[in-house]
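The values are calculated or read from the model by the stated rules, or taken from the named source; none is laboratory data. Quick caveat: nothing in here was measured; it's all calculated off a predicted structure. Neighbour counts are summed over all protein chains in view; Cβ atoms, including those assigned to glycine, are modelled from backbone coordinates with ideal geometry. Only protein heavy atoms, including side chains, enter the accessible area calculation; ligands, DNA and RNA are left aside. Shrake-Rupley method; radii C 1.70, N 1.55, O 1.52, S 1.80 Å.
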Amino acid sequence: MFRSYDEVDERILDATLNRILQVGVRRSSLDDIARRCGINRVTIYRRFSSKDALIEAALSREIARILGEATSIATTTEGVDAQIEETVLFVLRLTRTHPLVTRLLGVAPEEALGFYTVRGEEMVSQGIEYIAGVLAAGQEQGVLARYDPRPVAELVARMAHSLMLTPTAGVDFDDEAAARGFIRAAIVPLMKYGIRSGDDAGDPVGEKRASGA
């Protein structure tokens, strides 16, 4: 799902991310990035076709890193309910505390909104693919009910993106108890059983096991 990078790519992307955090996207020039990573512009252009492609790659890599940490949390947590709660809490917390949110607002507030709306498509798309894959794996393991995982994945990914853009309305996600209560009441059932209706609720995992499915 995510592109792999060699050592030179990593140096370029590290320098790109650090420069964005210092001055914002618009003022992050390729000359600055080249000086900071000790690699000439020609090499950068050979590996990343444009500044926009470089910015997208740096953002994509950071999203991949975050999702990797979420996977690590899930694999070291016991019980599907707790796995969902801890990983969702981790991601929602990062939507308010990650340096790309807090520092970009500080150094370039005029471009922060555009950055997370225009470039938000990549973030949401990666989130959907990741969550859908996790849900499908849980269904194969028999810990989640059988349902189409993509609508649920899209709801959760879009909710996280919305929280990043509008963090203060509704539930106070800075209050851990309130955030956990919301996740337990809304997100855990959604991810365990899917989008359910009175006519087509689908079998909860326990009912499926009881019926021998």
**Message:** Could you tell me how many of the residues in region 53-84 are under 22 Å from Val124 (Cβ atoms) and among the acidic types (Asp, Glu)?
**Reply:** 3
**Prompt:** Mind checking which residues of region 125-147 are in a helix (DSSP H, G or I), in contact (Cβ under 8 Å) with a residue 40 or more places away in the chain and open to solvent by less than 20 Å² (accessible area, probe 1.4 Å)?
**Reply:** Gln126, Gly127, Leu135, Gly138
**Item:** Pick from region 89-119, criterion among the β-branched types (Val, Ile, Thr) and farther than 27 Å from Glu176 by Cβ, ranking: surrounded by the most Cβ atoms within 10 Å (Cβ to Cβ)
**Value:** Val107
**Fill in**
Of those in region 27-40 that are within 23 Å of Glu111 (Cβ to Cβ) and either of a type in the set (S, T, N, Q) or touching a residue at least 60 places away in the same chain (Cβ under 8 Å) (or both), the residue most open to solvent (accessible area, probe 1.4 Å) is Arg27
**Asked** Checking Val88 against (1) within 23 Å of Gly142 (Cβ to Cβ); (2) of a type in the set (A, V, I, L, M); (3) without any contact (Cβ under 8 Å) to a residue 24 or more places away in the chain, which test does it fail?
**Response** (3)
**Complete:** Matching residues in region 5-26 (closer than 12 Å to Ile55 by Cβ and open to solvent by 60 Å² or more (accessible area, probe 1.4 Å)) number 1
**Selected residue (only one of Glu122, Glu86 is at pLDDT below 80, open to solvent by 20 Å² or more (accessible area, probe 1.4 Å) and charged (D, E, K, R))** = Glu122
**Prompt:** Taking into account only those residues within region 89-101 that are of a type in the set (Val, Ile, Thr) and in contact with a helix residue (DSSP H, G or I) (Cβ under 8 Å, 6 or more places away or on another chain), which is modelled with the highest pLDDT?
**Reply:** Val91
**Message:** Among the residues in region 161-175, are any modelled with pLDDT of 75 or more, under 21 Å from Arg61 (Cβ atoms) and surrounded by 14 or more Cβ atoms within 10 Å (Cβ to Cβ)?
**Reply:** yes
**Asked** What number of residues in region 41-83 are open to solvent by 60 Å² or more (accessible area, probe 1.4 Å) and aromatic (Phe, Trp, Tyr)?
**Response** 1
